[in-house]
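Single-structure report; data block below.
The values are calculated or read from the model by the stated rules, or taken from the named source; none is laboratory data. It should be emphasised that the depicted structure is a prediction, and the values quoted were computed from it without experimental measurement. In this analysis, Cβ positions are derived from the backbone assuming ideal geometry, glycine residues included, and neighbour counts consider all displayed protein chains. All accessible areas refer to the heavy atoms of the entire protein, side chains included, with ligands and DNA or RNA removed. Shrake-Rupley method; radii C 1.70, N 1.55, O 1.52, S 1.80 Å.
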Protein chains: 4
Amino acid sequence: MESLTPTERRDLLDRIDRLAADRFAPRAAAYDREARCPVENYEDLWKEGFLALNVPRAHGGLEVDPLTYFSVIEHIARACASTAMTLHMHSCATKFVALLGTPEQQARYFAEVVEGGKLLASWASETQISLTRTFLVSTPLRPVDGGYVLNGDKHFCTMAGVASYYLVWCMLEGAADMATGAMLAAVPADNPGVSILGEWDTLGMRATVSPGARFAECFVRDDEILGPPGGVIASGVLDMLGLGYAAVYLGIAQGALDFTLDYCRTTTFKPQVTPIGHDPLIQRQCGEMAITLDSARLVVYRSAADFASVEQSQRSPLVARAKYAATQAAIAVTTACLQVCGGRSAFKTLPVERAFRDVRTATLMPPNIDTMLGAIGRDALGLSGAAFKFG
Amino acid sequence: MESLTPTERRDLLDRIDRLAADRFAPRAAAYDREARCPVENYEDLWKEGFLALNVPRAHGGLEVDPLTYFSVIEHIARACASTAMTLHMHSCATKFVALLGTPEQQARYFAEVVEGGKLLASWASETQISLTRTFLVSTPLRPVDGGYVLNGDKHFCTMAGVASYYLVWCMLEGAADMATGAMLAAVPADNPGVSILGEWDTLGMRATVSPGARFAECFVRDDEILGPPGGVIASGVLDMLGLGYAAVYLGIAQGALDFTLDYCRTTTFKPQVTPIGHDPLIQRQCGEMAITLDSARLVVYRSAADFASVEQSQRSPLVARAKYAATQAAIAVTTACLQVCGGRSAFKTLPVERAFRDVRTATLMPPNIDTMLGAIGRDALGLSGAAFKFG
Amino acid sequence: MESLTPTERRDLLDRIDRLAADRFAPRAAAYDREARCPVENYEDLWKEGFLALNVPRAHGGLEVDPLTYFSVIEHIARACASTAMTLHMHSCATKFVALLGTPEQQARYFAEVVEGGKLLASWASETQISLTRTFLVSTPLRPVDGGYVLNGDKHFCTMAGVASYYLVWCMLEGAADMATGAMLAAVPADNPGVSILGEWDTLGMRATVSPGARFAECFVRDDEILGPPGGVIASGVLDMLGLGYAAVYLGIAQGALDFTLDYCRTTTFKPQVTPIGHDPLIQRQCGEMAITLDSARLVVYRSAADFASVEQSQRSPLVARAKYAATQAAIAVTTACLQVCGGRSAFKTLPVERAFRDVRTATLMPPNIDTMLGAIGRDALGLSGAAFKFG
Amino acid sequence: MESLTPTERRDLLDRIDRLAADRFAPRAAAYDREARCPVENYEDLWKEGFLALNVPRAHGGLEVDPLTYFSVIEHIARACASTAMTLHMHSCATKFVALLGTPEQQARYFAEVVEGGKLLASWASETQISLTRTFLVSTPLRPVDGGYVLNGDKHFCTMAGVASYYLVWCMLEGAADMATGAMLAAVPADNPGVSILGEWDTLGMRATVSPGARFAECFVRDDEILGPPGGVIASGVLDMLGLGYAAVYLGIAQGALDFTLDYCRTTTFKPQVTPIGHDPLIQRQCGEMAITLDSARLVVYRSAADFASVEQSQRSPLVARAKYAATQAAIAVTTACLQVCGGRSAFKTLPVERAFRDVRTATLMPPNIDTMLGAIGRDALGLSGAAFKFG
């Protein structure tokens, strides 16, 4: 993969900015209200090639460098967090295919994505396990003739019912641990062994639609298994996942801050005759939000820029720094945006309250704050330190 | 007004705790989802006498002391923030009647409350004005034969359509400022000059139902005016309003923390075999939440205990301290509750995400953070300092 | 012990306030500069009876209740942190005598204090151990004919060379743990087996003079041992120690804040013509300092008021709450005092920079922040939780 | 001025790192204790060319680009804050000469620096004025035959008695404001009209030696005046000054953090058998310090890298961002370093307590926090916003 030139990257970001402003932003409130996946946005993304950000060029994809990739995710999140997050999850799923798939599997799935606009999901969470605490998967995969049988319940199944393939994390029966037993099964959405469970009615990130799913004696063909046992972990895509979360948080907060600054520039209350942006206390608060977000932005983009060049074993603290900085900044900034804009900004007609809900929800995704600080600390102390603790 | 003995206060709080646990808590999610006023709760409160917390005993009310009053509000907020907030607003409105009403007015309105279970609302906000910045009212009240005519739009009209009387803040035509012109008109909900405007679809405090209202050539009889020009401000009920907000924030956060502690005591994730409350990092976070909220509680209750005994001119910093401490603690604690409970707590089936939304919304009510800190600072510096700046 | 009436307490505090203002405050800078124990202050304290705050009335002491005691410590700390801290340590040492001493020992040591103005020190720290991490003592006490022989190095030996008796924490040879082996030996300062080691040149709390000490084949008579093995821990004086630290932090910060508020009221810079206290941003900062310290004060005094009435096993979280709240508030407030007063306040001619150093130094004393939050958290979770982990 | 290549910059930084480690660090405690300017360090800096960082190459200087310049300052500060700060002030003074001096003046003063190892100081502060509030100078400069006469008191006169020339900010008699009247007089240290006033005994930055100075009918020749009236402000060196402060704060905190991490890697307390760096809570705290400082570092170096390329009018928010981020991070990190290292780190034998004092002192230099946040906020709001308010 070659890096885009700054100009090429800028052009790509301009294209996504236009899509975000013209299409995604106007639709965002309705997706949120209805807790519905942004399928119209996916259609737009597909037509512009963005469903194939991580698909190799040989298969018709854009195959952009990490800095470009995370920039695109951030820019989309400014307008619609759920679109950015689900595109990111789909893109990580295509990365699994690129890293673990056989040539035949790559041809098959990439054609679906590039030509058919199909989406891939990737599901790991289980009800009895907290991935933010221990990254462990227990859904058993039992070998049978010509394939495997999958049983168990997953939750937080993003894009359930909308993606065409669900890349399901599971554990090879009899394996001792994740390193030797974790597997990835690409289950077609229409496999009769899958059913969607429960509802998805949450604080934020509502348009990611991530209910539960049940696999009941679900047959998976041999050629629907991606990579060898343990391959899903060794692939390093988890690091990419975490860094993309950071980009999403950053983008949501940037969108909220942009709105807030504009609100301060244009809103005047009686008996004052100038906009509230002329009030020194408002300027002070805007300054604090701006520098808070700018600092986090520098951390996230430094990690994104370094992502390709460091050893895979070094990526964990890189991701932890970005995700931690983005988490803290995004929570602080979206909380403050509501404070600065005041009571009027609590209405759903304005986008800041959605940003506030989306940030608080999305930042609950693993790894959690203590885990990240531990990883950063061990790295600073010269101790080896992965962010995730695998079961 | 005599203070209750500790035992009487405890008994009263036990009664409200039972109501809160048995009736308000189970209904809270539905009121929130539907953005509907908790009318069934009002019925329960009425039957138990709690609609008359601030109604004089001579008129059949409970007439409790401030410490008891704010305690009741806090306890209700643990289960349902909107119930606590609207009861508080109604109770402040009854306080206006007690302080500004003629004997005839008191008899009339208190009978409606005590015998009829009727609610009083109090509306000050206007679209062109930010009360968190300058406390100014511009809705004009024009004297005519036998009364006045009221014109103008209000917003944040809590309990619109549910209260029986709207105590509308307005400005006597030709008056120079609030001190000499602010008036309070008790408009019956069925006055044909009133209409409800717009929608109420907000981040939180959704069951307070506070849309806009329009007064179009709305006739108000002389005997529907409460007190002389400026009386509404001189009454000091604004201070009571602010301290009640603090009690609401505290209660919401306490409810969220209680849930979170219970969650930590009872939730175990694989591969661990003990509840997450045994994890030292979880204990540390619980400790931080507990001491944060305990500190704020001591500040709020100190202000409540001192409220009756200090000069009215001294109440402003008292209220500012309570509201500031409760605001900061409630935001920090509800944000952290979601962090500690993790992704599962973002679901609307659990009460923490509602607490998070309610706190962020309710804490936007005036006075704002800078105004409160200014008032506390001026008091510390020996400068006179009201929290509100009147226009 | 009976509680003082509010009037008696106020009178006592007035007396200590006068001593603090007239004697301690003017001397504080010199003690700090010279890192010398405030012996002239001890003389004043003795004459007024304050060396006997915890000495039983039967022995001529004041024997004040905990609330009064911690108030006195706080008030002294406003003027001179080292005087408050060393008086507190002496008072805890007298408490050991009161709780563990035989009638003969009590008579002996209390006479020295009450009539002779003698000071008692109490030393636990060792170089190889961090009491903030594990409360463990390893200095061995070997039984011999007629007594014991003590060997080992201690550090942080407050009042070394100034106190007349050093109450040395040691471990009975062969004992398995602190609960069954920790002992307290009252070594006279002129015992030839003791020598003072090293220097005391620190950031702050310089007038506590706490260098190292060496015990080399130091003979201790049987009747110089206080209490049975483990008694020193079971006595619960450690809790009293921690709560006194909190009172010291609070007092230092209060002194710094009082100075700062006065500075803001009286300092004018060109081209302004009013003192900086009229600047809204200064008022905001003063407000933040005031409410921060007020909140901590309420926590500390609530713990002090409850100290006598709760079970000893419940004191640990009580102390942890007070010490944590006071630590955070005192660091924040003294840091901010320098910010508000500006560059001029960094000069040693003004007392704020000493407060800043004293707070940062004193708050390093055990238990540390994580230990305290853990204890508060376990208490909130209903788990038993002592603040100290005994080795 | 051309930028150094990354390799040249790295080589230069390696040279300064060696000087810092071998010479400056070992001497730092003594300079601090004695409040004495680091004259031996100046000698070392001179021999290696570092007194001429901002001297044009045509005059024998290094004339490095801003990124290199601020990096050098930061690296020195890791070992000795006062050396970094005074070198920075001297370098800004040489910048004044480069920007405002006539060819003859440049030749004269640069020869003194390059060949003679002489130092230039620059003094603006006055007792009646707070530059952190309003940047105003009132020391009058009265025109007389052949020159001017200077009268007035300055304070915070860094390197008084050590620098060879004092560049004194003064106000041309009769001028209306700073823009048209501020002037810079290069007064030789041996001018009989100058005398040093008062003492320099401060919390930190003690080796910058910045007492007061008095100018009494001090005659200044025409050719000792640098630039036209107002030139000293228009030169933009104030921005350079502020950005250098940020580099100093960053360097001090980095030095303290490096020490702390090393301490955690190598210190073991009984009864544990591994260094405290293996404790998850210590790792968490180290992680928090590391990411806090890393974020600030990215902000400071981004401002340094952009400094040369932006318009002078744009530099103010650039500097405000760097100084604010460095201030907050350095205070937080040095405060936490003492917390992590514990009571032992309060001793003056270890460098962390000096870092703590130096940071709190140096961060009091103008512009202050509110001023910086205001400048950042106005910039974010699209309002023009200089950090300094000129009188």
Output ordering of B:310-318, C:241-249 (per-residue mean of other Cβ within 10 Å, highest first) is C:241-249, B:310-318
Here the net charge surrounding residue D:234, from other residues whose Cβ is less than 14 Å away from its Cβ (Lys, Arg +1; Asp, Glu -1), is -1
Tilt, helix D:6-19 to longest principal axis of chain D (alpha-carbon atoms), in degrees rounded to tens, equals 80 degrees
Once phi for every residue in the stretch A:66-78 is put through the Karplus expression 6.51 cos²θ - 1.76 cosθ + 1.60 (θ = phi - 60°), the whole-Hz ³J(HN,Hα) values, with Gly and Pro written as x, are x, 4, 5, 4, 5, 5, 4, 4, 4, 5, 5, 4, 4
On each of the three principal axes the extent of the alpha-carbon atoms of the stretch C:94-137, given in whole Å and largest first, is 38, 20, 12
Which residues qualify? For residue B:63, with a placed amide H closer than 5 Å and at least 5 residues away or on another chain, they are B:54, B:55
Per-residue average of other protein chain Cβ atoms inside 10 Å, peptide D:190-202 -> 2
For residue C:59, the accessible surface traced by a 1.4 Å probe with all protein chains present amounts, in square angstrom to the nearest 10, to 60 Å²
Sorting B:132, B:50, B:116 by the position of each Cα along the dipole of the stretch B:1-145 (Lys, Arg +1; Asp, Glu -1; all at Cβ), the one nearest the positive end of that ordering is B:132
For the stretch C:267-363, the Cα convex hull volume per residue in Å³ comes to 102 Å³
For chain D, the percent of accessible surface on carbon and sulfur atoms (probe 1.4 angstrom, ligands and nucleic acids excluded) is 53 percent
Given the candidates C:62, C:38, C:88, the one whose Cα lies deepest towards the positive end of the charge dipole of the stretch C:1-111, counting +1 at each Lys or Arg C-beta and -1 at each Asp or Glu C-beta, is C:38
The ³J(HN,Hα) series, computed from each phi in the stretch C:136-146 with the Karplus coefficients 6.51, -1.76 and 1.60 at θ = phi - 60°, rounded to the nearest Hz and given as x for glycine or proline, is 9, 10, 10, 4, x, 10, 9, x, 9, 4, x
Computed curve, the stretch B:91-186, Cα-only Debye sum without solvent term, log₁₀ I(q)/I(0) at 0.17 Å⁻¹, is -0.81
Computed for the protein assembly as shown: size of charge dipole around the Cα centre, +1 on C-beta of each Lys and Arg, -1 on C-beta of each Asp and Glu, debye to nearest 20, value 0 debye
Computed over the stretch D:11-119, protein heavy atoms only, probe 1.4 angstrom, the accessible area per residue in square angstrom equals 34 Å²
The long-range amide H neighbours of residue C:365, using H built 1.01 Å from N in the peptide plane and a cut-off of under 5 Å, are none
dims of the stretch A:1-111, Cα set, principal axes, largest to smallest, nearest Å -> 41, 32, 19
Of all DSSP beta bridges having both residues in the stretch C:46-178, the percent classed as antiparallel (nearest 5) is 40 percent
Only helices counted: for chain A, with every DSSP H run of 4 or more residues adding -39500 (n - 2.57) and the sum spread over all residues, [θ] at 222 nm is -16500 deg cm²/dmol
Rounded to the nearest 100 Å², the accessible area hidden between C and B, summed over both chains at a 1.4 Å probe radius, is 2600 Å²
Residues whose modelled amide H sits under 5 Å from the amide H of residue B:123, counting only those 5 or more places away in sequence or on another chain, are B:167, B:168, B:169
Over 25 Å (Cα to Cα) among A:47/A:154; B:118/B:154; D:95/D:348 -> A:47/A:154; D:95/D:348
per DSSP, antiparallel bridges as share of beta bridges in chain D, % nearest 5, sits at 75 percent
Honestly the stretch A:196-333 on the Cα gyration tensor test (a ≥ b ≥ c root eigenvalues; a/c under 1.5 rounded, otherwise a/b vs b/c for prolate or oblate) is just oblate
Taking every DSSP bridge whose two residues both lie in the protein assembly as shown, the antiparallel percent to the nearest 5 is 75 percent
Applied in sequence order to the stretch A:227-243, the curve 6.51 cos²θ - 1.76 cosθ + 1.60 (Karplus, θ = phi - 60°) yields integer Hz couplings, x standing for Gly and Pro, of x, x, x, x, x, 4, 7, 4, 5, x, 5, 4, 5, 4, 4, x, 5
Under Stokes-Einstein, the protein assembly as shown at 4 °C and 1.567 mPa s, with its Kirkwood radius over C-alpha pairs, diffuses with a coefficient in µm²/s of 37 µm²/s
Over all viewing directions the Cα convex hull of chain B casts an average projected area in nm² of 19.4 nm²
In the stretch A:108-265, taking the dipole from +1 charges on Lys and Arg beta carbons and -1 charges on Asp and Glu beta carbons about the Cα centre, the listed residue (A:170, A:257, A:229) farthest towards the positive end is A:257
If every Lys and Arg gets +1 and every Asp and Glu gets -1 at its Cβ, then about the Cα centre the stretch D:254-391 yields a dipole, in debye to the nearest 20, of 260 debye
The size of the Cβ-based charge dipole (Lys, Arg +1; Asp, Glu -1) of chain A about the Cα centre, to the nearest 20 debye, is 1140 debye
With the full set of protein chains present, the residues of the stretch C:325-363 whose 1.4 Å probe accessible area falls by 30 Å² or more relative to the chain alone are C:335, C:338, C:339, C:343, C:344, C:346, C:347, C:348, C:356, C:360
Ignoring ligands and nucleic acids, residue A:95 exposes an accessible area, probe 1.4 Å, in Å² to the nearest 10, of 50 Å²
